Amino acid sequence: MEKTEFYVSLDIETDGPIPGRNSMLSLGAWAFTAAGGELGRCTINFRPLEGAVQDPTTMAWWADKPAAWAAATKDALDPTRAIANFIWWLDQLGGPHGKPIFLAWPVAFDIMFVRWYAQALVSVNLHPIIACDIRSYLAGKLGVGLSQVVRAVPKEWDMRGHDSGVDHTHVALEDAMEQGQLFLAALQSGEKV
């Protein structure tokens, strides 16, 4: 593969489901090549948006995850500065490595927050953006339905989280790396299993 694209596995933590109404708390990103070479890591915590509210259901979910909450809220930056730092990090990678392909599980949720923050706070339009939902990619790769993905993932891919009974840490960078490694294992596995 030419240096025209690279992968960025994203994971975010929030205090609710709706960007702008609720706040992104933490963003973790792991950049790598299709061959598995690491290009960089980024982790940034965000202060809540002015005027935003915390979603009660989300906050109840956080209640029994004190270590993850502490990690997501430690040394938080002003949200405008935080998203600008992330875009700068992406730009530094993009020059020598090409265009990022964003990965997440679920990609729609993570990308929705990142795009909203970029556009609303620093007027950066991340469109056109290429994003891949890891669960959907695995379903296609394994030839199974979306609800069957977790059970169908081969053990050697080291599946954690995603309803498997082994929970994520919910530390954004750790989860981004975990899901990126899962995607990479599938990508490098060759034909359907």
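Quick note: the coordinates plus some simple rules give every number you see, no bench work behind them. Please read these numbers as outputs of a predicted model, since none were measured by experiment. FYI the Cβ positions are ideal-geometry reconstructions off the backbone, even for glycines, and counts take in every protein chain you see.
With both labels modelled 7 Å from their Cα along Cα-to-Cβ, the Ile130 to Val144 distance reads 2.7 nm. In this simple spin-label approximation, Ser189 and Gln119 carry label points 7 Å from Cα along the Cα→Cβ vector, and these lie 3.5 nm apart.
Work out which helices of the chain, taken as complete DSSP H runs, extend at least 20 Å along their axis over the Cα atoms and score a mean Kyte-Doolittle of 1.0 or more, then list them.
On the way: long enough: 79-97 (27 Å, -0.09); 107-122 (22 Å, 1.26); 172-187 (22 Å, 0.57).
Answer set is 107-122.
Here each label is just a point 7 Å from Cα along the line to Cβ, and for Ile18 and Thr57 those points are 1.2 nm apart.
Close lysine pairs were tallied over the chain: pairs 8 or more places apart or on different chains with Cα atoms under 17 Å apart number 5.
Computed over the chain with a Gaussian network model linking Cα atoms closer than 10 Å, the most mobile of Ser147, Ser136, Ser26 is Ser147.
Please label the shape of the chain as rounded, prolate or oblate, based on the square roots a ≥ b ≥ c of the eigenvalues of the alpha-carbon gyration tensor (a/c under 1.5 means rounded; beyond that, a/b larger than b/c means prolate, else oblate). It comes out oblate by the Cα gyration axes. For Thr14, neighbours were defined as the other residues whose beta-carbon sits under 12 Å from its Cβ, and their charges (Lys and Arg +1, Asp and Glu -1) total -4.
Which net charge results for the neighbourhood of Phe102, defined as the other residues with beta-carbon distances under 13 angstrom from its beta-carbon, given Lys and Arg at +1 and Asp and Glu at -1?
Values: positive: Lys99, Arg115; negative: Glu5, Asp11, Asp110, Asp133.
Overall, the nearby charge balance is -2.
Within the chain, what percent of beta bridges assigned by DSSP are antiparallel, to the nearest 5? Could the numbers behind the result be given before it?
Details: 15 of 26 bridges.
Percent antiparallel among DSSP bridges in the chain is about 60.
Taking each residue as 0.36 nm, the span from Ala34 to Ala108 lengthens on full extension beyond its C-alpha to C-alpha distance by 24.4 nm. Rg then Dmax, both in Å and based on the Cα atoms of region 39-94: 13.7, 38. Choose one answer from Glu13, Glu178, Glu156: the residue with the largest mean-square fluctuation in a GNM of the chain with alpha-carbon springs under 10 Å. In the Gaussian network model the winner is Glu156.
So for the chain, averaging the separation of alpha carbon pairs under 8 Å that are six or more residues apart and normalising by length, what relative contact order in percent results? Don't skip to the answer; put the middle values down first.
Details: 332 pairs, mean separation 51.9, N = 193.
In percent, rounded to a whole number, it is 27.
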